[in-house]
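Undergrad: After the structure tokens below, expect a handful of questions from me.
The values are calculated or read from the model by the stated rules, or taken from the named source; none is laboratory data. This is a predicted model, so every value here is computed, not measured. Backbone-built Cβ (ideal geometry, glycine too); neighbour counts: all protein chains shown.
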Amino acid sequence: MPKSKGKGDLLRGARVYLSGPMDFVLSRAAEKQSGWRNRVSHFLQEMGVTVFDPWFKPDVRGLHEYGREDVKGGDRIRQRWTYAGGKQGAQARAWCARQFRETLHIDLRMVDTSDFSISYCPTNIYSVGTPHEIIMATLQHKPVLFVSPPIEFPALHELRAHLQDDPAGQELLQQLEREIPIKENARGIPSLWYIPLVGGENFFDGFGFAPYRKRFGWNEESAIDRHEERFPPNRPLLPFVEKLNQRLPKKWDSKRKRFVPDDDWLLWDFHSQKMRGKHVESVRR
């Protein structure tokens, strides 16, 4: 069972935003109830960190339920969306923009008030809000810890083998792969645009939940557990964060050919009384 060395508490009092796809995940209900954010939040809270989770918007004084985003997401907005011309079409699109603006506003404000972000970005899940949040954080010189896991589709390979003697089925499968498209990423390589944006030392190919499950009571096996059992992370996030609580990380200086202090890690020292961190959720489970 991994344990922190010493009594480091660099992260105590820090604020972290958990960024990642929400719209096009397999199940929004499962993602909210038992997704990766729940475990990472639990892990961080034990270090005294305040966690901003977009599934659980904090209450805003004077603005009841501002920006609230439920499991059904933007279904109501999508139903009203139209490409029709004229006044009615313009009114419908303006209404859609106005409805979701609250969510966009409060999520970006959480990024703005955080000290750093953790972003989970599988290359097979479409997302727009996550890149926006990552770009905003980096423009503010805030670190983004970026998790990009290996992506493979075992069922796809099994289906190909199953259709070996079925030319029509093979053609349909190939057409489906072209239309979706289905693109594997066995090495978990992030979009190349992210690499200079985030910085080479802030990428991880998994969370590394396995060594921590017993300590934190994560008894229910998740899809990520099964994935990381098949693809054990070479550079897991959680041990990095545990070390971060002891000592600030460094970055590679290509000109000087050595690691140097990373001054994006600005964690305010308010000499606050020691207390357990919290997950900002405002009774909206």
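Undergrad: For region 185-194, state whether one or more residues are among the hydrophobic types (A, V, I, L, M, F, W, C) and part of a strand (DSSP E or B). Walk me through it before giving the result.
TA: Taking region 185-194 and keeping what is among the hydrophobic types (A, V, I, L, M, F, W, C), we get 186, 189, 192-193.
Filter once more, keeping what is part of a strand (DSSP E or B): none.
No.
Undergrad: Going through region 211-239 one residue at a time, which ones are within 19 Å of residue 122 (Cα to Cα) and assigned to a helix (DSSP H, G or I)?
TA: Filtering region 211-239 for residues within 19 Å of residue 122 (Cα to Cα) gives 222-238.
Correct list: 223, 224, 225, 226, 227, 228, 229, 230, 237, 238.
Undergrad: For the condition surrounded by 16 or more Cβ atoms within 10 Å (Cβ to Cβ) and in contact with a Pro (Cβ under 7 Å, 6 or more places away or on another chain), what is the one hit in 143, 149, 131?
TA: Testing whether each residue is surrounded by 16 or more Cβ atoms within 10 Å (Cβ to Cβ) and in contact with a Pro (Cβ under 7 Å, 6 or more places away or on another chain) leaves just 149.
Undergrad: While we're on this one: If we keep just the residues of region 200-230 that are among the basic types (Lys, Arg) and in contact (Cβ under 8 Å) with a residue 40 or more places away in the chain, which is surrounded by the most Cβ atoms within 10 Å (Cβ to Cβ)?
TA: Let us first name the residues in region 200-230 that are among the basic types (Lys, Arg), namely 213-215, 226, 230.
Remaining after also requiring in contact (Cβ under 8 Å) with a residue 40 or more places away in the chain: 214-215.
On the way: 214: 10, 215: 12.
Within region 200-230, the match that is surrounded by the most Cβ atoms within 10 Å (Cβ to Cβ) is 215.
Undergrad: Select from region 1-38 the residues that are at pLDDT below 65, in the same structural domain as residue 133 (by TED's automatic domain parsing) and touching a helix residue (DSSP H, G or I) at 6+ places or on another chain (Cβ under 7 Å) and list them in ascending order.
TA: Across region 1-38, the qualifying residue is only 25.
Undergrad: Of everything in region 240-261 that's surrounded by 13 or more Cβ atoms within 10 Å (Cβ to Cβ) and out of contact with any helix residue (DSSP H, G or I) (no Cβ under 8 Å at 6 or more places or on another chain), which residue is nearest to residue 206 (Cα to Cα)?
TA: Step one: filter region 240-261 for residues surrounded by 13 or more Cβ atoms within 10 Å (Cβ to Cβ), giving 240-246, 248-252.
Subsequent filtering for residues that are out of contact with any helix residue (DSSP H, G or I) (no Cβ under 8 Å at 6 or more places or on another chain) retains 240, 242-246, 248.
Values: 240: 11, 242: 15, 243: 16, 244: 17, 245: 19, 246: 21, 248: 20 Å.
Selected residue: 240.
Undergrad: How many of the residues in region 139-169 are in a helix (DSSP H, G or I) and more than 30 Å from residue 268 (Cα to Cα)? Talk me through it step by step, then tell me what you get.
TA: Taking region 139-169 and keeping what is in a helix (DSSP H, G or I), we get 139, 154-162, 167-169.
Subsequent filtering for residues that are more than 30 Å from residue 268 (Cα to Cα) retains 154-162, 167-169.
Within region 139-169, residues that are in a helix (DSSP H, G or I) and more than 30 Å from residue 268 (Cα to Cα) number 12.
Undergrad: Continuing with the same structure: Does residue 137 fit the bill of being farther than 25 Å from residue 50 by Cα and of a type outside the set (Val, Ile, Thr)? First the steps, then the outcome.
TA: Working: farther than 25 Å from residue 50 by Cα: no; of a type outside the set (Val, Ile, Thr): yes.
Spelling it out, it is not the case that residue 137 is farther than 25 Å from residue 50 by Cα and of a type outside the set (Val, Ile, Thr).
Undergrad: Tell me, which residue of region 267-277 that is surrounded by fewer than 12 Cβ atoms within 10 Å (Cβ to Cβ) and under 24 Å from the mean Cα position of the chain (by Cα) is nearest to residue 137 (Cα to Cα)?
TA: To start, the set of residues in region 267-277 that are surrounded by fewer than 12 Cβ atoms within 10 Å (Cβ to Cβ) comprises 268-276.
From what's left, under 24 Å from the mean Cα position of the chain (by Cα): 268, 276.
Values: 268: 16, 276: 25 Å.
This residue is 268.
Undergrad: Do we find that residue 145 is in contact with a strand residue (DSSP E or B) (Cβ under 6 Å, 6 or more places away or on another chain) and within 29 Å of residue 101 (Cα to Cα) in this structure?
TA: Details: in contact with a strand residue (DSSP E or B) (Cβ under 6 Å, 6 or more places away or on another chain): yes; within 29 Å of residue 101 (Cα to Cα): yes.
Answer is yes for this residue.
Undergrad: Something else: Among the residues of region 161-191 satisfying the criterion of being β-branched (Val, Ile, Thr) and surrounded by 12 or more Cβ atoms within 10 Å (Cβ to Cβ), which is farthest from residue 230 (Cα to Cα)? Write out each step before concluding.
TA: At the first step, the residues of region 161-191 found to be β-branched (Val, Ile, Thr) are 180, 182, 189.
Next cut, surrounded by 12 or more Cβ atoms within 10 Å (Cβ to Cβ) only: 182, 189.
Details: 182: 20, 189: 17 Å.
Per the stated criteria, the residue is 182.
Undergrad: A follow-up question, please. Across region 88-138, which residue is farthest from the chain's Cα centre (by Cα) among those that are aliphatic (A, V, I, L, M), more than 18 Å from residue 57 (Cα to Cα) and assigned to a helix (DSSP H, G or I)? Break it down stepwise before answering.
TA: Looking only at region 88-138, we keep the residues that are aliphatic (A, V, I, L, M), and these are 90, 92, 94, 97, 104, 106, 108, 110-111, 118, 125, 128, 134-137.
Those left that are additionally more than 18 Å from residue 57 (Cα to Cα): 90, 92, 94, 97, 125, 128, 134-137.
Next cut, assigned to a helix (DSSP H, G or I) only: 90, 92, 94, 97, 134-137.
Details: 90: 33, 92: 31, 94: 29, 97: 24, 134: 10, 135: 14, 136: 15, 137: 13 Å.
In this case the residue turns out to be 90.
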